[in-house]
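Below is one structure, written out as structure tokens; comments come after it.
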Amino acid sequence: MKAAIMGYGTIGSGVAKILFENSDVITRRVGEPIELKYVLDLRNFEGDPIQSYIVHDYKEIVNDPEIKLVVETMGGVEPAFTFVKAMLESGKHVATSNKNLVAEKGAELIAIAKENHVNFFFEASVGGGIPIIRTLLKCTTGDVIEHIYGILNGTTNYMLTKMREDGADFDDVLKEAQDKGYAEKDPTADIEGLDPARKIAILASLVAERQVDFQDIPTEGITKITPADMQYADKLGMKIKLVASMDESGDSYYARVAPFLVDKESPLYTVEDVYNAILVHGNMLGDAMFYGSGAGSLPTASAVVGDLVEMAKHVMRHVDFTWEPEKITLKDPDTQEYKYFVRSKASEAELKNVYGDGEAISGVADGEIGFVTEKMSEKDFKEKSTKADIISFIRLL
Ligand code: HSE
């Protein structure tokens, strides 16, 4: 079976490596070899063994009836969408790692795949090498999924870990994450939380079986986290993690991406470095956590090749699942309830007067104290905080 890779960057080159190095095991599992025929890229890769596979026009792949399997690892919505659509319409199966494409066009591409009796798979789009998409589609299907709490961005988890453990500087540690191939081309999507927002939108869409738009998810990144916040967290026996959450509520869902304080009881507490974890709570299952390498070339490419093997085994049929394009209106985020950690210039007595009972933490920075409130809605918290002279706040998971 002949395959093509569109985009020979961090992930695409990992896919080629796996197809070459693991060809024996892949051949055994599929029943025939998966042979790479084309690599679509703007560059020529002069002198690189991949050079002989390079094409510059995606139509060469579209028009080759021998190609049954296509990998999209270009990133971004366009031209990836145009290329993937053309591949599906010409009867080719497509596997992608591109969360931007899946979050925005997933429902549409699944429908196109169905019409053309092929498959559009995207296991690598969330959690890198962690098998979470197929888990939600195939394994937890007897449950009502009530919550998902995910550390879904390797770059920021790596950064938060190094900042806490080594006191590393934000910019230095971001550069390290970029050098290791974890960060997006424009790392704003990582540090401002858009990347995990897209990923939780994909998971929520699969759970809801309808479109959840990532633009509707209140999203905060890690750019405002300071060394003092880390020290307060330490004093509380907690860690700061960028968590992407989804909570079922009635006929809809709350969703949010933000830094959260996570205590030792949570399985997310021990998730460090580039690792990702997705804590799924089902009404019958209880908790199950899926943990592993969340970013980087080979872990992500491993999930893409897993999709290729699955598609090769179902080359004659569409594997059905539901993701309707009709959009869900998410719950008003102001009605969601949390405990909050605040840093404030006010006294403990003043803070108790504003927020009610709570725990004060002093001795971290001059001229301020930390305070953990009781549980209250976002709306209440925001209203009360106008009277509390606060410097910053972080929610507790
Ligand atoms: N930039 C992403 C991350 C890559 O750091 O998690 C994997 O999607």
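For the reader, a short list of remarks on this structure follows.
- Residue within the range 309-325 that is within 16 Å of the ligand (Cβ to nearest atom) and in contact (Cβ under 8 Å) with a residue 12 or more places away in the chain present: no
- For the range 273-293, filtering for residues that are open to solvent by less than 40 Å² (accessible area, probe 1.4 Å) and not polar (S, T, N, Q) leaves 9.
- Single residue of the range 207-216 satisfying the filter (surrounded by 15 or more Cβ atoms within 10 Å (Cβ to Cβ) and of a type outside the set (Asp, Glu)) that is nearest to ARG395 (Cα to Cα): PHE214
- Residue list for the range 217-232, restricted to those being in contact with a helix residue (DSSP H, G or I) (Cβ under 8 Å, 6 or more places away or on another chain) and open to solvent by less than 30 Å² (accessible area, probe 1.4 Å): ILE217, GLY221, ILE222, ILE225, MET230
- Scope the range 73-83; condition closer than 17 Å to SER125 by Cβ and without any contact (Cβ under 8 Å) to a residue 60 or more places away in the chain; matching residues: GLY76, VAL77, GLU78, PHE81
- Test: ILE240 is away from the ligand (no atom under 16 Å from the Cβ), open to solvent by less than 40 Å² (accessible area, probe 1.4 Å) and not in a helix (DSSP H, G or I): yes
- Condition check for ALA295: outside any strand (DSSP E or B), within 16 Å of the ligand (Cβ to nearest atom) and modelled with pLDDT under 95: yes
- Restricting the range 264-286 to residues that are out of contact with any helix residue (DSSP H, G or I) (no Cβ under 9 Å at 6 or more places or on another chain) and among the aliphatic types (A, V, I, L, M), the residue that is farthest from the ligand (Cβ to nearest atom) is MET284.
- The one condition from (1) surrounded by fewer than 16 Cβ atoms within 10 Å (Cβ to Cβ); (2) within 19 Å of TYR149 (Cβ to Cβ) that TYR338 does not meet is (1).
- Scanning the range 258-272 for residues that are under 16 Å from the mean Cα position of the chain (by Cα) and open to solvent by 20 Å² or more (accessible area, probe 1.4 Å) returns a single hit, GLU272.
- Looking only at the range 47-72, residues that are free of Cβ contacts under 8 Å to residues at least 12 places away in the same chain, surrounded by 12 or more Cβ atoms within 10 Å (Cβ to Cβ) and assigned to a loop (DSSP other than H, G, I, E, B) come to 1 in all.
- Here is the figure for the range 353-379: residues that are closer than 18 Å to GLY237 by Cβ and either touching a helix residue (DSSP H, G or I) at 6+ places or on another chain (Cβ under 9 Å) or loosely packed, with under 14 Cβ neighbours inside 10 Å (or both) total 11.
- Where a residue in the range 25-37 is within 9 Å of VAL309 (Cα to Cα) and its partner, wherever it lies, is of a type in the set (Lys, Arg), with Cβ under 7 Å and at least six apart: VAL30/LYS313
- The conditions of being within 9 Å of the ligand (Cβ to nearest atom) and either under 11 Å from the mean Cα position of the chain (by Cα) or closer than 21 Å to ASP273 by Cβ (or both) are met by PRO196.
- Candidates LEU160, LEU203: the one that is open to solvent by less than 10 Å² (accessible area, probe 1.4 Å) and closer than 29 Å to THR329 by Cα is LEU203.
The values are calculated or read from the model by the stated rules, or taken from the named source; none is laboratory data. Model, not experiment: these values are computed from the prediction. Neighbour counts are summed over all protein chains in view; Cβ atoms, including those assigned to glycine, are modelled from backbone coordinates with ideal geometry. Remember, those area values only see protein heavy atoms, side chains included, never the ligands or the DNA or RNA. Shrake-Rupley method; radii C 1.70, N 1.55, O 1.52, S 1.80 Å.
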